[in-house]
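Chemist: Sharing a structure here in structure tokens format.
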Amino acid sequence: MHIDIKAKEVKPIRHTYSHIARRFGEDRPATRYQEAVLDLQPVDNFHYRPTWQPDKELYDPTRTAITMEDWYKFLDPRQFYYGNYTMARAAQQASADKNFEFVEKRNLLALVPAAAKETIVDFIVPLRHYEWGANMNNYQICAMGYGASITSAAAMHGSDRLGNAQYITRIALALSDNDPAILDTGLSDWTDKDVWQGLRKVVEDSLVVDDWFELFVAQNLAMDGIVHELFFEHLEQKLNESGAATYSMLTEFIVNWKTEASRWVDSQIAIAVEENAANAALVKGWYKKWFEAAQRAVAPLADAAFDNGSEVMANVTRTLEVRAAKVGAAA
Amino acid sequence: MANRINMRDRYKHMTRLGWETSYQPMEKVFPYDRYEGIKVNDWNEWEDPFRMTMDSYWKYQGEKEKKLYAIMDAFSQSNGHLNISDARYVNALKLFLQGVSPLEYQAHRGFARQGRHFTGEGARVACQMQSLDELRHVQTQVHGMSQYNKFFDGFHEFPWWHDRVWYLSVPKSFFDDANSAGPFEFMVAIGFSFEYVLTNLLFVPFMSGAAYNGDMSTVTFGFSAQSDEARHMTLGLQAMQFMLEQHEDNVPIVQRWIDKWLWRGYKVLSLVSAMMDYMLPESPMSWKEAWEMYFEENGGALFNDLARYGITVPSYAEICAKEKDHLSHQVWGILYNHTAAAAMHTWVPDDAKMNWLSEKYPDTFDKYYRPRFEYWRDQEEAGNRYYSQTLPLVCQTCQIPMGFTEIEDPTLVAYRTTEYSGDKYHFCSDPCMKIFTDEPEKFCQAWMPPQQIFQGNCGGEGLPAVLEHYKFNLGADNMDYAGSPDETNWNKWKGLDGAGDGQVKAS
Ligand SMILES: [Fe+2]
Ligand SMILES: [Fe+2]
Ligand SMILES: [Zn+2]
């Protein structure tokens, strides 16, 4: 039996979960993003202290010095939950795949001048390890952070960084005709070559930072703001001008990702700074410390990669300073 | 032109990205994976059989999500909840969202921590992917149940409830225990014991229950999640084998963890046993059958495989084998008595259900449990439905109220007691007490609902204050199904209320 009943007969008794309605101040429909992140993390009545950090609770707001009245102010402007995140990345990787296929099928990398190839080997391939450090730091933010909204986005961001490292690996293997020696060279450059040691030191120093929001500022704003700007803007452009346009097809994923991800990074920092004066002072201090360290570390790389290295570095830092000022991290 | 490169090497290049740090010592970069005493000679022996790079991960997972959300959208547009067998069924989903989905979240965070902190890169990459998967599970579950939340009670405060309501301390303490442990114990607890050995006893009952009861939304997210589980099970087994193969000194440590965690998991699953045998209007299989198939048969084969490492079946397997005839009935009894303080409905099984239970439990149901249920039914009919106003003692380890009986005498409730640092602790069973005495400094910390209520930390004295603190809508979220708004609404929607409008079907 199928009788058409007017829709009015089957009316919802509420429109969203009550913890979300409380945040709204009324019962109205919530978005998928809101239902996917708000209040998901346990906050009270933990049973046991972590054996790996007995002075803290399992989830503990004091793993950073910043304070928030509500940790769910850290919302993602992209509104990523797992579903729309993977669907967005799937579309981007499909386009990246097409580019790789196009370039590899026509052997277009053979057309890249030797000098440009050398630049890629010297300055891009070792960044696999930089991205890997960023992967670790963002998973650390997810593991130790507070509130499901910023921590879930950090996990996605961490996985993005693994993706970046893997795209760089693919570029390297495409350049070397699948000879993995190119990766070994990249690794030994990263661990031993003078010019990389400053940056490696900054990365290793970041790996032992205890405060997860300091880590957020260090990695995602200060260090990336210099490294990505230098290598995926300025060097990208230089390579383009020196006949390596094909290469740009292969970095499309990383370059586009960088623009998208910075929206999230900037918004999180601005939110922390706007919360209170103590946060603002902390963020400014952290930013200054890591900005200066990263700048010192990267300067020799800029000198080695460009004839006018100090001029390029000045451009890179100026761009980051403008960005940092916008989010309230610059002094 | 291009040199060929095999998949295995390619994957290695894609994931072996680490280096020996020197500006900071490795022990400071990876501070957590040595204090448990697990010895590792060579992290490179960690193999990841799935060899999934991020781009393929995004691709496959993105495709699955697209399909899943299309079905969820269709389900809510067509009021798919009207197609379920009966509104009683929805209580299984309430239990799931309150008790299981928050564990998916905890798994997300736990695997993120191991995904950062294992020294080996292969282990880290695998844990990171599982961390993302577990985020997927909790979020798709919250989205899937969102539709039910709009039409039924018992869903709307699930995170709040998970942090405080007494029976949810059972799953919460289980996962807090795992997450507060070191990374290797976590892998045995969650990766191996839960994902590999017990997962079928959790997910198959819920998903086949959903299928039997017409719940297409849950069936769909269940199956979609199941495709991730293959990876999780492999990771769990890989972690175990890795520990066992790296050093013989690891074997007794791992054995103790297996013993602890299969019991911890088994106790959490006792809630599932009640769900299977009592909440599902249409039951695909009994708890006993599921236990026999998924633990005794599959688990038996697994332990045969592990014997070559010197790993043995936990000694309490005997207890479980005897208890399988009693477990679900005793747990349902506990829930029935304490429904005033639970965000779900209970009921006395009807004749058809009791006959089914007699058939499935020929040795015990008619002898011990049918008389009890019939007595409660008589009391209800006489207007004497009794709701317990206080919480009984709960086990210090598993946190289930004392209600399990002695294996040799099903009429005698089992109590075990021990002392630690001048205080008395109570347990439901020998294995629960053993877990405590192995780590008393940990288990004495447990957040015990009755004691907390008694100390006034849950809203104040007396049931009404506690229920207010729980944020229950009284008579809607708790108490019997009979007379609940769930029942009233269901009957109205289905035209069973005699209003003569006929039945509403999902379009
Ligand atoms: Fe899961
Ligand atoms: Fe899983
Ligand atoms: Zn117990």
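The values are calculated or read from the model by the stated rules, or taken from the named source; none is laboratory data. This structure is a prediction, so every number in the text was calculated from the model and none was measured. Positions of Cβ are generated from backbone atoms using ideal geometry, with glycine treated the same way; all protein chains shown enter the neighbour counts. Keep in mind that these areas ignore ligands, DNA and RNA; they rest on the heavy atoms of the full protein, side chains included. Shrake-Rupley method; radii C 1.70, N 1.55, O 1.52, S 1.80 Å.
Chemist: Looking at (1) away from chain B (no Cβ under 11 Å); (2) surrounded by 16 or more Cβ atoms within 10 Å (Cβ to Cβ); (3) over 22 Å from the mean Cα position of the chain (by Cα), which is the one condition that is false for A:Ala115?
Modeler: (2)
Chemist: I'm told A:Ile171 meets every condition in (1) free of Cβ contacts under 8 Å to residues at least 60 places away in the same chain; (2) more than 9 Å from chain B (Cβ to nearest Cβ) except one. Can you identify the failing condition by its number?
Modeler: Among (1) free of Cβ contacts under 8 Å to residues at least 60 places away in the same chain; (2) more than 9 Å from chain B (Cβ to nearest Cβ), A:Ile171 violates only (1).
Chemist: Residues in the stretch A:276-286: is at least one more than 29 Å from A:Gly147 (Cα to Cα), among the charged types (D, E, K, R) and assigned to a helix (DSSP H, G or I)?
Modeler: No, the stretch A:276-286 contains no residue that is more than 29 Å from A:Gly147 (Cα to Cα), among the charged types (D, E, K, R) and assigned to a helix (DSSP H, G or I).
Residues checked against (1) in contact (Cβ under 8 Å) with a residue 12 or more places away in the chain; (2) open to solvent by less than 40 Å² (accessible area, probe 1.4 Å); (3) at positive phi:
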site: B:Ser273; (1), (2), (3): yes, yes, no
site: B:Met279; (1), (2), (3): yes, yes, no
site: B:Glu292; (1), (2), (3): yes, no, no
site: B:Ala301; (1), (2), (3): no, no, no
site: B:Lys324; (1), (2), (3): yes, yes, no
site: B:Gln330; (1), (2), (3): yes, yes, no
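Chemist: On to the next question. Can you tell me which of B:Tyr369, B:Tyr375, B:Tyr316 is more than 28 Å from A:Asn45 (Cα to Cα) and exposed (fewer than 15 other Cβ atoms within 10 Å of the Cβ)?
Modeler: None of the other options fit; the residue is B:Tyr375.
Chemist: Where residues in the stretch B:85-119 are among the hydroxyl-bearing types (Ser, Thr, Tyr) and not in a helix (DSSP H, G or I), which of them is nearest to ligand 2 (Cβ to nearest atom)? Can you show your working first?
Modeler: Taking the stretch B:85-119 first, the residues among the hydroxyl-bearing types (Ser, Thr, Tyr) are B:85, B:89, B:101, B:105, B:119.
So of that shortlist, the ones also not in a helix (DSSP H, G or I) come out as B:85, B:119.
Working: B:Ser85: 27, B:Thr119: 23 Å.
Applying the filter and picking the extreme gives B:Thr119.
Chemist: Also, I was wondering about something else. Would you mind telling me which numbered condition in (1) within 14 Å of chain B (Cβ to nearest Cβ); (2) in contact with a Ser or Thr (Cβ under 9 Å, 6 or more places away or on another chain); (3) open to solvent by 10 Å² or more (accessible area, probe 1.4 Å) A:Glu233 fails?
Modeler: Among (1) within 14 Å of chain B (Cβ to nearest Cβ); (2) in contact with a Ser or Thr (Cβ under 9 Å, 6 or more places away or on another chain); (3) open to solvent by 10 Å² or more (accessible area, probe 1.4 Å), A:Glu233 violates only (1).
Chemist: Consider the stretch B:255-271. How many of its residues are more than 16 Å from ligand 3 (Cβ to nearest atom) and either more than 14 Å from every other protein chain (Cβ to nearest Cβ) or closer than 18 Å to B:Thr339 by Cβ (or both)? Talk me through it step by step, then tell me what you get.
Modeler: The first filter runs over the stretch B:255-271 and keeps only residues more than 16 Å from ligand 3 (Cβ to nearest atom), leaving B:255-258.
From what's left, either more than 14 Å from every other protein chain (Cβ to nearest Cβ) or closer than 18 Å to B:Thr339 by Cβ (or both): B:255-256, B:258.
Number of matching residues: 3.
Chemist: In the stretch B:154-209, what residues are closer than 20 Å to B:Gln241 by Cβ, crowded, with 24+ Cβ neighbours inside 10 Å and touching a Ser or Thr at 6+ places or on another chain (Cβ under 8 Å)?
Modeler: The one that is closer than 20 Å to B:Gln241 by Cβ, crowded, with 24+ Cβ neighbours inside 10 Å and touching a Ser or Thr at 6+ places or on another chain (Cβ under 8 Å): B:Ala181.
Chemist: Another question, if that's okay. Among the residues of the stretch B:231-239, is any open to solvent by less than 20 Å² (accessible area, probe 1.4 Å) and among the charged types (D, E, K, R)?
Modeler: no
Chemist: Quick one: B:Pro440 ticks every box in (1) farther than 25 Å from A:Pro54 by Cα; (2) surrounded by 14 or more Cβ atoms within 10 Å (Cβ to Cβ) bar one, so which box is it?
Modeler: Here B:Pro440 clears every test but (1).
Chemist: Oh, and also: Do we find a residue being among the aromatic types (Phe, Trp, Tyr) and away from ligand 3 (no atom under 16 Å from the Cβ) anywhere in the stretch B:444-457?
Modeler: yes
Chemist: For A:Tyr146, all conditions in the list (1) in a helix (DSSP H, G or I); (2) open to solvent by 10 Å² or more (accessible area, probe 1.4 Å); (3) farther than 27 Å from A:Leu111 by Cβ hold save one; what is the number of the exception?
Modeler: (1)
Chemist: While we're here: Of the conditions (1) within 26 Å of B:Asp86 (Cα to Cα); (2) touching a residue at least 40 places away in the same chain (Cβ under 8 Å), B:Cys127 satisfies every one except a single condition; which number is it?
Modeler: (1)
Chemist: Filter the stretch A:118-133 for residues that are part of a helix (DSSP H, G or I) and either under 15 Å from A:Phe232 (Cβ atoms) or open to solvent by 10 Å² or more (accessible area, probe 1.4 Å) (or both) and give the result.
Modeler: Selection gives A:Glu118, A:Thr119, A:Ile120, A:Val121, A:Asp122, A:Phe123, A:Leu127, A:Arg128, A:Tyr130, A:Glu131.
Chemist: Which one is farthest from ligand 1 (Cβ to nearest atom), of the residues in the stretch B:390-409 that are modelled with pLDDT of 85 or more and farther than 16 Å from B:Pro431 by Cα?
Modeler: B:Asp409
Chemist: Looking at the stretch B:115-129, which of its residues are open to solvent by 10 Å² or more (accessible area, probe 1.4 Å) and away from every other protein chain (no Cβ under 11 Å)?
Modeler: B:Thr119, B:Ala126
Chemist: For the stretch A:53-96, name all the residues that are among the hydroxyl-bearing types (Ser, Thr, Tyr) and touching a Lys or Arg at 6+ places or on another chain (Cβ under 9 Å).
Modeler: A:Tyr59, A:Thr62, A:Tyr72, A:Tyr81, A:Tyr82, A:Tyr85, A:Thr86
Chemist: Collect the residues in the stretch B:57-76 that are within 7 Å of another protein chain (Cβ to nearest Cβ), buried (at least 21 other Cβ atoms within 10 Å of the Cβ) and either touching a residue at least 24 places away in the same chain (Cβ under 8 Å) or under 19 Å from B:Met145 (Cβ atoms) (or both), keeping them in residue-number order.
Modeler: Once the filter is applied, which keeps residues that are within 7 Å of another protein chain (Cβ to nearest Cβ), buried (at least 21 other Cβ atoms within 10 Å of the Cβ) and either touching a residue at least 24 places away in the same chain (Cβ under 8 Å) or under 19 Å from B:Met145 (Cβ atoms) (or both), the stretch B:57-76 yields B:Gln61, B:Glu65.
Chemist: Can you list residue pairs whose Cβ atoms sit under 6 Å apart, with the first residue in the stretch B:175-199 being within 14 Å of another protein chain (Cβ to nearest Cβ) and the second being open to solvent by 10 Å² or more (accessible area, probe 1.4 Å) and within 16 Å of ligand 1 (Cβ to nearest atom)? Count only pairs 6 or more apart in sequence or on different chains.
Modeler: Qualifying pairs under 6 Å: B:Phe175/B:Leu103.
Chemist: A:Lys98: touching a residue at least 40 places away in the same chain (Cβ under 8 Å) and open to solvent by 40 Å² or more (accessible area, probe 1.4 Å), yes or no?
Modeler: No; evaluated as a whole, the condition is false for this residue.
Chemist: Starting from residues that are surrounded by 13 or more Cβ atoms within 10 Å (Cβ to Cβ) and under 17 Å from B:Met187 (Cβ atoms), keep the ones in the stretch B:1-38 and report whichever is nearest to the other protein chains (Cβ to nearest Cβ).
Modeler: Only one residue fits best here, namely B:Tyr32.
Chemist: Could I ask something else about it? Considering only residues of the stretch A:42-67 that are open to solvent by 20 Å² or more (accessible area, probe 1.4 Å) and of a type in the set (A, V, I, L, M), which is farthest from the other protein chains (Cβ to nearest Cβ)?
Modeler: Looking at residues that are open to solvent by 20 Å² or more (accessible area, probe 1.4 Å) and of a type in the set (A, V, I, L, M), I get A:Ala65.
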